[in-house]
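Structure first, then comments.
The values are calculated or read from the model by the stated rules, or taken from the named source; none is laboratory data. In this text the structure is predicted, and so the values were computed from the model without any measurement. Quick reminder, even Gly has a Cβ in these numbers, built from the backbone with ideal geometry, and neighbours come from all protein chains shown. Heavy atoms of the whole protein, side chains included, go into the accessibility calculation; ligands, DNA and RNA do not. Shrake-Rupley method; radii C 1.70, N 1.55, O 1.52, S 1.80 Å.
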Amino acid sequence: MRNDRVARSTGPVPRKMKVLLGEPVIEEEDVDAVSEALRTRWIGTGPRVREFEEQFSALKGGVPTAAVSSGTAALHLALVAAGVGPGDEVITTPLTFCATVNAVLFVGAQPVLADVEPRSMNIDPRRIGPLVTSSTRAIIAVHFAGRPCDMAAIMSVADEHDLVVIEDCAHAIEASIEGRPTGTFGHFGCFSFYPSKNMTTGEGGMVTARNPGDADAVRRLSNHGQSKGAWERVGESSFGQYEVTALGFKYNLTDMGASLGLSQMRRLERWLDRRAEIWSRYSSAMGDLPLQLPAGPDPGTVHARHLFTVLVDSASAGIGREEFVRRMTSQGVGTGIHYTTIPDHSYYRDRFGWDSRDWPSAKYIGDRTVSLPLSPGLGDDQVDFVIESVRKALG
């Protein structure tokens, strides 16, 4: 099953891989949308970015939004807008991409890691409370692989200690709990539109905020702290004057990126259905293999199914994770490691003296995890090829 409207390359692209891990789906209407933005000659932040914010707000139930240049920028600006800074502590998970922790360091705060719950692979709310000190200011909850965190439990801890909650929704654009979308439980939600995500703007991100003033602050901070962007100043009788109201950053999204995002957002539901089909086929076909497969969605939730992660344990599989990845690659199937734990990266280990064994659940997962291709652009033949390759890799 491959969509006939998928845009094809206009030139030869040599590839050794038969199935890529996270290839974006680019259809002809996406190409047309970006082309139209280029034809207007307004390619910076302008009317399409505003429309993208409005449409994403509607997707998330009407919450205030601010478009930015990446998911990392979203996390950084959410922390700045929340007033987190030097001397503060932020509790998050050790099983995440480095951007989550880096954003904490960008504002001069101290990351504090709480271990994950083994089944969900999300931060364990029971581990958060004991880590709260007088310096704790915020919690960053990462919806790992598209599975929503236990937000009721996390918000309970946050309310008890008067903490800001930032949802890292990079994997969870479509996810929800009892009909309520991710990114609307905490004070801020941070989304990524990197090429491998469930929808893309090339590079880009979005911040959702509980309060309109916070979204406005993020929007200003994303463009040097200016009171008005270039689009707002066009045609003004005041000669396009603006005021810098805060020390901001160059984190604004372009109309080209927003055009792609607007086009892609229309197909999120269809793509999620296809992701669910592939997930189901993987689960059925690999159920008899010596792998730990990801748990199904929790009752009352929508899982965004961003990643299909398997755990390769040498004791049961007969080979270790590295050999499994090597064998998959040799067959032309792309895989990913989501994630080596934060404390196992040399920078954080050396800077903070962390020992990953202090977070045993995250360590167990981080040493064994492998992500398999889960793009909605995969044809049924490619899905079959991935399954066959996994079986061959395990001998």
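Residues in the stretch 154-182 that are outside any loop (DSSP other than H, G, I, E, B), among the polar types (S, T, N, Q) and surrounded by 16 or more Cβ atoms within 10 Å (Cβ to Cβ): Ser176 only. From the list Val312, Val302, the one residue that fits, being in contact (Cβ under 8 Å) with a residue 24 or more places away in the chain and in contact with a Phe, Trp or Tyr (Cβ under 7 Å, 6 or more places away or on another chain), is Val312. If Val165 satisfies all but one of (1) within 19 Å of Val302 (Cβ to Cβ); (2) touching a helix residue (DSSP H, G or I) at 6+ places or on another chain (Cβ under 7 Å), what's the number of the condition it fails? Of (1) within 19 Å of Val302 (Cβ to Cβ); (2) touching a helix residue (DSSP H, G or I) at 6+ places or on another chain (Cβ under 7 Å), only one is false for Val165: (1).
Among residues of the stretch 277-290 that are surrounded by 12 or more Cβ atoms within 10 Å (Cβ to Cβ), those with a Cβ under 6 angstrom from a residue that is outside any loop (DSSP other than H, G, I, E, B), sequence gap 6+ or separate chain, pair up as Ile278/Val383; Trp279/Phe308; Arg281/Val383; Tyr282/Phe308; Ala285/Ile387; Pro290/Ser316; Pro290/Ala317. Filtering the stretch 362-379 for residues that are in a loop (DSSP other than H, G, I, E, B), touching a residue at least 40 places away in the same chain (Cβ under 8 Å), among the charged types (D, E, K, R) and out of contact with any Leu (no Cβ under 8 Å at 6 or more places or on another chain) leaves a non-empty set. Selection of the stretch 116-153 for residues being under 16 Å from Trp354 (Cβ atoms) and open to solvent by 10 Å² or more (accessible area, probe 1.4 Å) yields Arg127, Leu131. The set of residues in the stretch 296-318 that are open to solvent by 20 Å² or more (accessible area, probe 1.4 Å) and either among the aliphatic types (A, V, I, L, M) or in a helix (DSSP H, G or I) (or both) comprises Val302, Ser314, Ala315, Ser316. Condition check: in a loop (DSSP other than H, G, I, E, B), touching a helix residue (DSSP H, G or I) at 6+ places or on another chain (Cβ under 9 Å), free of Cβ contacts under 8 Å to residues at least 60 places away in the same chain and closer than 30 Å to Asp150 by Cβ. Does Gly62 satisfy that? Considered against the rule, which asks whether it is in a loop (DSSP other than H, G, I, E, B), touching a helix residue (DSSP H, G or I) at 6+ places or on another chain (Cβ under 9 Å), free of Cβ contacts under 8 Å to residues at least 60 places away in the same chain and closer than 30 Å to Asp150 by Cβ, Gly62 comes out as no. In this structure, Tyr364 qualifies as closer than 17 Å to Ala114 by Cα, open to solvent by 50 Å² or more (accessible area, probe 1.4 Å) and among the aromatic types (Phe, Trp, Tyr).
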